Amino acid sequence: MKMTVFGTGYLGATHAVCMAELGHDVLGVDIDQSKVDKLSRGEVPFFEPGLTDMLEKNLASGRLQFTTSYSDAADFADIHFVGVGTPQKKGEYAADLSHVHSVIDMLAPLLRKPSLIVGKSTVPVGTAAALGERLRATAPAGGSVEVAWNPEFLREGHAIADTLSPDRLVLGIDRDRPGNAEGLLREVYAEILDAGVPFLVTDLATSELVKGSANAFLATKVSFINAIAEVCEATGADVTMLADALGYDARIGRRFLNAGLGFGGGCLPKDIRAFMARAGELGVDQALYFLREVDSINMRRRTKAVELVTAACDGSLLGANVSVLGAAFKPESDDVRDSPALNVAGMMQLHGAAVTVFDPKAMDNSRRLFPTLHYATSTSEACRNADVVLIATEWDEFASLVPGDLEPLVRRRVIVDARNCLDPDLWRAAGWNYRGLGR
C-alpha cells in the first residue's frame, strides 16, 4: 500500500521506517529540511537500536522516501499518518497541539479525493473529532475525508519491536460516520495481525484515552514504589526486596516497580499533565487529582538524590567533585527531555559542586540542554578525582561496575546508586560508602 507519515521525529521516523519494512511504499514528510536530508542519507537523527540499519535497507529498496512537499504527499497516497509532537505548553499543563493543527491546516486544502487521516500522536480526548470537523470544512474532498486514531505505545530503546510486534493495536473510528478506516488499517497491519496481535476497534474518544490512561497508570506505579521507598528510608527497610515480594503477586507484577530517580522523557511527564489539564476542561478534574501527587512524588525523588549526595559530602556540595554516570532519562536512548539525571546534575552544580557527566549515547543532546556542565568521554574520565559517584541512568556498563573499576580513579570511595542497579553488599564489603534510594 502507499502511505505518508507526517513528522519525522522519534514517533514519525520510526513508524515510517517500520511501515516500509512491512512492504509498504512510504513517504515521510517534515517541514524541517535538515531532518529530511539526514533521513534521506540514511542517518537517524536520534538513537534507537536497529533503526539505522532498517532505514538504510528500506531506502535502498526504494520503498521509503522523505520530502518537505505537502503537495507531493497529497498526490502520493490516500492514507496519511500524523506522528508529530505534542509537547507540554510553556507555563501550562495542557498539551501543545500546534504541530498537529499545522499538519491538518497545510494538508486539508490539498485533499481533493477520498482520504484517510490516521492520528498517531498522543492528544487530549476530543481532538480527533474536532480535527475531523476541521478537515471536512476545509478540504476540497469534504465529507469523503475520514479521520481515525491509532495511538502509539512505543518504548524508547524498543521502538522497532513495539511497532512490528506490539502487544495490541488500537483503532478509534468515528461511529457517526462509517467509513473505510477499519478495512484499510487491517490491510496496513495485515502481517502484524496475522501473527495474532489483538486488534481493538473503538470510538475516537476511547482510542485517545487509551494512551493517556496507560501512561497515567505506569506513572502511578513508578511513583507508588517511590513513595514506599520514602517509608523504607525512614524505617531501614530495603525497597528492592520489598518490590520483589510485591512482584510475585500476579495482580501487581514486578515491572515498573523499580524505585529510584523516577520517570522522565518526552511522554510520561507531559502526558499525565495533559491528562489532568483535559480532565479540568471537561469538569472532571477531581477524578485525576491523584496524578498531581504522582507527579509530585516523581519530582521529589530528584531532590532526594541531591540530598543523598550532599550528605555524602559532609553536608555541603561547595567545591565537591561529583561524577554523574548517565544523562538520558533511560538506558538505550539518547533522549534527555525532562531527564531526572540531568536535572539532578544541574541542581548539584547550582549548589556549588563541580559536576562531570558521562553517558554512552546522550552527550550531544545533554550539551545542548545543559551547556554549563562538564562532560567526559568515558566512565573512567568522569570518575577521576571524584568525591562522589552518582549512578543516574541504569546503562548496562554502569550497572556492571565493580569497586575495582573505580578505586584507582576516585578521591573518595562514595557511591550513590540512584537507580538501585548495583549490589550494595559488594560495594560495602570493598570499603565503599554505598547509598541507594529507598535502601
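Screening Lys270 against (1) part of a helix (DSSP H, G or I); (2) over 23 Å from the mean Cα position of the chain (by Cα) leaves a single unmet condition, (2).
Quick one: count up the residues across the range 156-174 that are among the polar types (S, T, N, Q) and either at pLDDT below 95 or surrounded by 19 or more Cβ atoms within 10 Å (Cβ to Cβ) (or both).
The first filter runs over the range 156-174 and keeps only residues among the polar types (S, T, N, Q), leaving 163, 165.
Going one step further and asking which of them are either at pLDDT below 95 or surrounded by 19 or more Cβ atoms within 10 Å (Cβ to Cβ) (or both), we end up with 163.
Selection size over the range 156-174: 1.
Apart from one condition, Glu394 fits all of (1) crowded, with 17+ Cβ neighbours inside 10 Å; (2) more than 18 Å from Thr240 (Cβ to Cβ); the exception is (2). Of everything in the range 193-252 that's hydroxyl-bearing (Ser, Thr, Tyr) and outside the structural domain of Leu282 (by TED's automatic domain parsing), which residue is nearest to Asn150 (Cα to Cα)? So, considering only residues that are hydroxyl-bearing (Ser, Thr, Tyr) and outside the structural domain of Leu282 (by TED's automatic domain parsing), the one nearest to Asn150 (Cα to Cα) is Ser207. Annotation: Asp405 fulfils all but one of (1) over 28 Å from the mean Cα position of the chain (by Cα); (2) crowded, with 17+ Cβ neighbours inside 10 Å; the unmet one is (2). Hey, any hits in the range 33-40 for a residue that's assigned by TED's automatic domain parsing to the domain that holds Asn150 and assigned to a loop (DSSP other than H, G, I, E, B)? No - not one qualifying residue is present in the range 33-40. Residue pairs whose Cβ atoms lie under 8 Å apart, sitting 6 or more positions apart in sequence or on different chains, and linking a residue in the range 139-167 that is assigned by TED's automatic domain parsing to the domain that holds His101 to a partner that is among the aromatic types (Phe, Trp, Tyr), are Asn150/Phe81; Leu154/Tyr10; Glu156/Tyr10; Ala159/Tyr10; Asp162/Phe153; Pro166/Phe153; Asp167/Phe153. Scan Thr52, Thr4, Thr14 and give me the residue that is among the hydroxyl-bearing types (Ser, Thr, Tyr) and more than 22 Å from the chain's Cα centre (by Cα). One residue alone meets the criteria, Thr4. Among the residues of the range 233-257, the one identified as acidic (Asp, Glu), surrounded by 14 or more Cβ atoms within 10 Å (Cβ to Cβ) and modelled with pLDDT of 95 or more is Asp238.
Return the residues of the range 21-41 that are more than 23 Å from the chain's Cα centre (by Cα) and over 16 Å from Ser69 (Cα atoms); say none if nothing qualifies.
The initial filter retains those residues of the range 21-41 that are more than 23 Å from the chain's Cα centre (by Cα), namely 22-27, 33, 37, 40-41.
Listed by number, the residues that qualify are Leu22, Gly23, His24, Asp25, Arg41.
Quick test for you: out of Phe275, Phe290, pick the one residue that is crowded, with 20+ Cβ neighbours inside 10 Å and at pLDDT 95 or above.
Phe275
Residues considered: Gly260, Gly280. Of these, the only one that is at pLDDT 95 or above, small (Gly, Ala, Ser) and closer than 29 Å to Ile415 by Cβ is Gly260.
Might you let me know whether the range 62-73 holds any residue that is in contact (Cβ under 8 Å) with a residue 60 or more places away in the chain, within 18 Å of Val103 (Cα to Cα) and hydrophobic (A, V, I, L, M, F, W, C)? Yes, the range 62-73 contains at least one residue that is in contact (Cβ under 8 Å) with a residue 60 or more places away in the chain, within 18 Å of Val103 (Cα to Cα) and hydrophobic (A, V, I, L, M, F, W, C). Restricting the range 1-26 to residues that are part of a loop (DSSP other than H, G, I, E, B) and of a type in the set (A, V, I, L, M, F, W, C), the residue that is surrounded by the fewest Cβ atoms within 10 Å (Cβ to Cβ) is Met1. Selection within the range 297-345: residues that are touching a Ser or Thr at 6+ places or on another chain (Cβ under 8 Å), assigned to a helix (DSSP H, G or I) and without any contact (Cβ under 8 Å) to a residue 60 or more places away in the chain. The member of this set that is surrounded by the fewest Cβ atoms within 10 Å (Cβ to Cβ) is Thr310. For the range 94-200, the strands (runs of 3 or more DSSP E) that sit wholly inside it and include 2 or more residues that are over 17 Å from Met3 (Cβ atoms) are 169-173.
The values are calculated or read from the model by the stated rules, or taken from the named source; none is laboratory data. Owing to the predicted nature of the structure, the values given are computational and were not obtained by experimental measurement. With ideal geometry, Cβ positions are generated from the backbone for all residues, glycine too; neighbour counts draw on all protein chains shown.
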